[in-house]
Structure formats: C-alpha cells, structure tokens
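Here's the structure we're looking at; comments come further down.
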Amino acid sequence: MSACKEDDPRIHGIKSKIRVVPDFPKTGIMFQDITTLLLEPKSFKDTIDLFVERYKEKNISVVAGIEARGFIFGSPIALAIGAKFVPLRKPGKLPADVIKQDYTLEYGNDCLEMHVGAVESGERALVVDDLIATGGTLCAAMSLLERAGAEVVECACVIELPDLKGRERLQGKPLYVLVESH
Amino acid sequence: MEMVKTEQTVIGIESRKKTQQNIEAPEREVKGKEKKSREMFAAENGLKGDPRLEAISEAIRVVPHFPKPGIMFQDITTLLLNHKTFKDTVDIFVDRYRDMGISVVAGIEARGFMFGPPIALAIGAKFVPLRKPRKLPGEVISQPYVLEYGKDCLEMHVGAVQPGERVVIIDDLVATGGTLSAAIKLIERVGGEVVECACVIGLPEVKGQQRLNGKPLYILVEPRLIDHCC
C-alpha cells in the first residue's frame, strides 16, 4: 500500500523535491536522488513527520535503517517515536559480533549485517530505507530482524519503483511508501 | 571496510586522563572569556558536571582490536540502542547550534548520517551528505585526503551548499582529523563558512589542537579504554 494520499499536500511537495538522475550508476537507470529532498528543511521534515505519525502509536521499539540512506531517514524516525535505532550495514563495518544475511543482486551477491544483541526477541521492528526496487535488500533486512526474534511490523520507504515488483518479494510483509516512481 | 580506511588510529593502551580531570584545564591561564568558550570538550564548554555526558560516555562500547590489533574501537551503535541517551546526544548539539544561524549540517558517511539528520531537522537546516567516491549521483566536487596508509576521497554535490552559508560538520568521532579536514575543504571550496566541527568522541590526537584547519572543534566525550562490564 502506498501513501499517495492525494489529499495530503505534503506528499506532492516531497515528490517534487526528489531529483531523477539519468544513467546512474549505469546506462538506462533513472536514479532517484533523495539528497535534493534533504536540502529542503520543510520537505525533509514533512517526510519524517509522515512516518512518525503512522508509527508513533504502534509500539515500535526498533527502527532498523539500511546503510547508508536508510540511516538518514531511520535515525530521526527512531528518535521521534522513542525507539532504538539499529544500523544494518555492509560487511566488515560493524565492529562487534554480527549476524549476516546474504542476498542476490541483479549480478552477483551482497550481504547485510546486524550486531548480535541489538534486537531482542519479541521486539516490534520497522525497517527503513530511502527506496525499494527489487526488494532484495529489504528482504535481507527482514531476515536479520526475524532471526533475532523480532517481529517486523512494516517496511517503510520514501520511494517505490512498482515496476520492479519489490512489494511481492516481501512475502506478505506490509510496505508503506510515500511516493511511487514509474 | 579495508583496515587502512579508518580514522581510529589510537595504538595500544596508554594511561590517559578521563574527561573529569580535563576540567582542570581552565586553571591554565585563560585570556578572557572568549578563549574559555572555545574549549573543545563539552565538559569545559558550558556543560561541566552535566550528567548526560557521563551517560553518553558509558553508552559507547569499546571493541578491542577492531579493525586491527591495537585499536580500541569506539562503537556508538550501543548509544543508538539507548533512546534517552541518543536523544540527549542530539539535544546537546541542537541546543548549541539552534541560535547560531546555521543553514547547513554536513554529515560524513556513514555514522555522520545517524547524528547529522536529526540535528539538521531540529534546527531547520539542510542536511548535506559527504560521501565516499561514486555514491552521489550527478555532479560532485571531490577532495582527496591522506590516511595512515594510503589515500581516500570525500565528495559533495555541486550546489548543495551556497556561498556564505553557515555550516556545521558532524561525524561520530575525530581521530587524526584527516576526514574532517577534507570535509572543511569541500565546504570552503564552494564558499561556505564552516562554523564548527562537531563529534561525539574525540581522540587524544586532537587534544591541545583546539582547532582543525583553523576551525573550532566541539566534542562531547573522550574515548574509554575498555568496557568495565562483560
């Protein structure tokens, strides 16, 4: 389900601030660049507020953000709703004991890591990233949290690329996005 | 992460004064009020005895021999797990910068992305990510810098910072200051004014320097040597 609440004036402002950069990182990809959104304090605040309004009464104790753009949105959301913030990182970045989850990319594999002990069994968690494309990274993130015994309540992204069908890859987990880009 | 690409270059265990003892610093000759307000550590710069600082220090986990033997890595992820202490960390920076006319908070990838955005949001500033090469799409400016072994490079989007804007640069930790110096250069190359560099943790290398490239540093805590608990 996407947020595209046409009656919420904040959504249109947010969408208009996202810059599309053609052919990055490679030819044919229309990159959704959220850094221009971060340059507009009101729109960045609106983005966070929309997520906070949705989650503040949902008893979420963990916000997990996917490196690195997920940190930018996840950290303020965690602070605002009273949750802990857990960074999910590329291999070798987290210093203490980690659990790892491999996932496949279009070409090859990648891996996401989470600190052992960051999340406790039974905690209610949110996963945050700037964008969902194929859903591979979000799936890996959910696996990490579930392996630690947490319940993933929802995945939250600023942008969805519906044509890549990432939503279907989430195996029934709810997805909440603010804007869609085709 | 390759071992060489780390800012944390503290080698070995040496005896060093805890933050509380550094409060003796004002007993040195102080040339008027202005110099005192330029002290680097928060405990000497208006927050003496503030209990939040001790809680922040205690919330940071020390991981020995990461990423390589001899380095006592200051892990802020445990601070992020403690909502009150994470909030206190952000609040201390927000209280300091909210009335200073700051229009840009620049955060250094990636741990600067955890502290910078909530500060930017609270003070109504833009957030500008400073990133490793080839992460930012579109036109960038690049600033190379030297590491203990080898080089690295920091990038910023063209147009993110306008001439004359007042900027605070945020990272979790400052060691040699190499990365922060590169960040300062990026901002200044586009005509921005770096008002201050702010870090949660400051390693001994920066003590006594007070400034980095002539810019003030503001730091909440010193590193701890080792965890006292399990």
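The values are calculated or read from the model by the stated rules, or taken from the named source; none is laboratory data. These numbers were taken from a predicted model, which means no experiment stands behind them. Here the Cβ is made from the backbone with ideal geometry for all residues, glycine too, and neighbour counts use every protein chain on show. Just the protein is used for accessible areas: all its heavy atoms, side chains included, with ligands, DNA and RNA removed. Shrake-Rupley method; radii C 1.70, N 1.55, O 1.52, S 1.80 Å.
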**Request:** Would you mind giving the mean number of other chain beta-carbons within 10 Å of the Cβ of each residue in A:78-85, as a whole number?
**Result:** 6
**Request:** With a cut-off of at most 14 other beta carbons within 10 Å, and DSSP calling the residue loop, which chymotrypsin sites (Phe, Trp or Tyr not before Pro) in region A:72-107 qualify? Please list them.
**Result:** A:Tyr107
**Request:** With all distinct Cα pairs included, what does the Kirkwood hydrodynamic radius of region B:66-160 come out to in Å, to one decimal, could you say?
**Result:** 15.2
**Complete:** Stretched fully, the stretch from A:Glu120 through A:Phe31 gains (0.36 nm per residue minus C-alpha distance, one decimal, in nm) 28.5 nm
**Message:** For the interface of A with B, what's the total buried accessible surface in square angstrom, probe 1.4 angstrom, rounded to the nearest hundred?
**Reply:** 2900
**Asked** When chain A is treated as a GNM, springs tying every alpha-carbon pair under 10 Å, which of A:Ala148, A:Ala83, A:Ala96 comes out with the largest mean-square fluctuation?
**Response** A:Ala96
**Message:** Just to be sure I understand: with springs between alpha-carbon atoms less than 10 Å apart, which residue in A:Glu67, A:Glu106, A:Glu123 has the highest mean-square fluctuation in the Gaussian network model of chain A?
**Reply:** A:Glu106
**Complete:** Here the whole-number average of other chain Cβ atoms within 10 Å per Cβ of B:109-116 is 6
**Asked** Once the Cα gyration tensor of region A:123-175 is found, what semi-axes does its equivalent ellipsoid get, as square roots of 5 times the eigenvalues, in whole Å, sorted largest first?
**Response** 19, 10, 9
**Complete:** In nm², the average projected area of the convex hull spanned by the Cα atoms of region B:137-230 is 7.8
**Request:** Just the ratio, please: alpha-carbon radius of gyration of the protein assembly as shown over 2.2 N^0.38 Å, N its number of residues.
**Result:** 0.96
**Asked** Which pairs, out of A:Lys42/B:Lys87; A:Lys173/B:Lys132; A:Lys90/B:Lys68, put more than 27 Å between their alpha-carbon atoms?
**Response** A:Lys173/B:Lys132
**Request:** Against the globular-protein guess of 2.2 N^0.38 Å, express the Cα radius of gyration of region A:44-121 as a ratio, rounded to two decimals.
**Result:** 1.21
**Request:** Take chain A, compute every pairwise Cα distance, and split them into 5 Å bins from 0; I just need the percent in each bin.
**Result:** 1, 8, 17, 22, 22, 16, 10, 4, 1, 0
**Request:** Please identify, among A:Met114, A:Met30, A:Met142, the residue showing maximal mean-square fluctuation in a Gaussian network model of chain A using a 10 angstrom Cα cutoff.
**Result:** A:Met30
**Item:** Accessible area of chain A belonging to carbon and sulfur atoms, whole % at 1.4 Å probe
**Value:** 50
**Asked** Any idea of the accessible area per residue across the protein assembly as shown, 1.4 Å probe, to the nearest Å²?
**Response** 42
**Message:** Please give me, ordered by residue number, the GluC sites (Glu not before Pro) of region B:137-230 that lie in loop per DSSP and have at most 11 other Cβ atoms within 10 Å.
**Reply:** B:Glu139
